[in-house]
Amino acid sequence: MGISASSESRVSQTLRSSPDFNSVINSVYQNSLSLTQHAFPGIKPYQLLSTSDQIHASLTLLNYPLVLKWLPSPPTRSQVDQAFKSRDGQEMTLDEDAFRDFAVDLYANAVAASAGKAVVVGGSVTLAGIVGVGVVAGRGNGLVKTAVGVYALGVALAFYFRE
C-alpha cells in the first residue's frame, strides 16, 4: 500500500536519526555479545526475538513516543522472523551495523502495521456511523456518498501529513 510504504519510510528515517534509538541498539547489541561471552562475532538469529524484546523494554522506559503510541507490546516472533528473512543472502551473524538495519526494519514495519490497523479500525467505525445516521435520517443516497467521500479524503490527508 502506498500510504503504508510511505509511513514506513518516514518511521525508518526517524529511527535512524534518533539518538535514543541508536543508543538503545548499541546497548542491546553489546549486552547480547556479553551474554554469549563474545563467542560469536555478532548476533545470531536465535537471539533476535529476545533482543527485540530488550529494545522494546528500553524504549518504553525512555518514553519513546513511537513505541508508546503505536507498540504497546514488542514485535511478535512472526514480525522478527519476517524482518530477518527480508535480509536476502545476509550472513547468519549480524554485526552492529546489520543489527541496527534489522532493528530499524523491524520497528518501522511494526509501527507502520500498528498505525495502519488503527486507521482502518477507527475509519470503519466512523464510516459506519455516517452511513447509519444517513439511513436513520432518511437522507438521499447521494448525500451519504458525499459525506463518506469527504471523510475518506480527510482521513487520507490526515494520515499523509501526520508526522
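Side notes on the structure shown:
- Criterion applied to 24, 11 was being within 23 Å of residue 113 (Cα to Cα), at pLDDT 95 or above and not in a loop (DSSP other than H, G, I, E, B), and the one residue passing it is 24.
- Taking the listed residues 133, 155, 144, the one that is of a type in the set (A, V, I, L, M), open to solvent by less than 60 Å² (accessible area, probe 1.4 Å), over 29 Å from residue 18 (Cβ atoms) and modelled with pLDDT under 60 is 144, with no other qualifying.
- Which listed residue, of 75, 41, 19, is touching a residue at least 24 places away in the same chain (Cβ under 8 Å), open to solvent by 20 Å² or more (accessible area, probe 1.4 Å) and closer than 20 Å to residue 98 by Cα: 41
- Region 66-87, subset modelled with pLDDT of 90 or more and hydroxyl-bearing (Ser, Thr, Tyr), residue nearest to residue 56 (Cα to Cα): 73
The values are calculated or read from the model by the stated rules, or taken from the named source; none is laboratory data. Everything quoted here is computed from the prediction, not taken from an experiment. No Cβ is skipped: glycine too gets one built from the backbone with ideal geometry, and neighbour counts run over all protein chains shown. Protein only, heavy atoms only, side chains kept; ligands, DNA and RNA dropped before computing areas. Shrake-Rupley method; radii C 1.70, N 1.55, O 1.52, S 1.80 Å.
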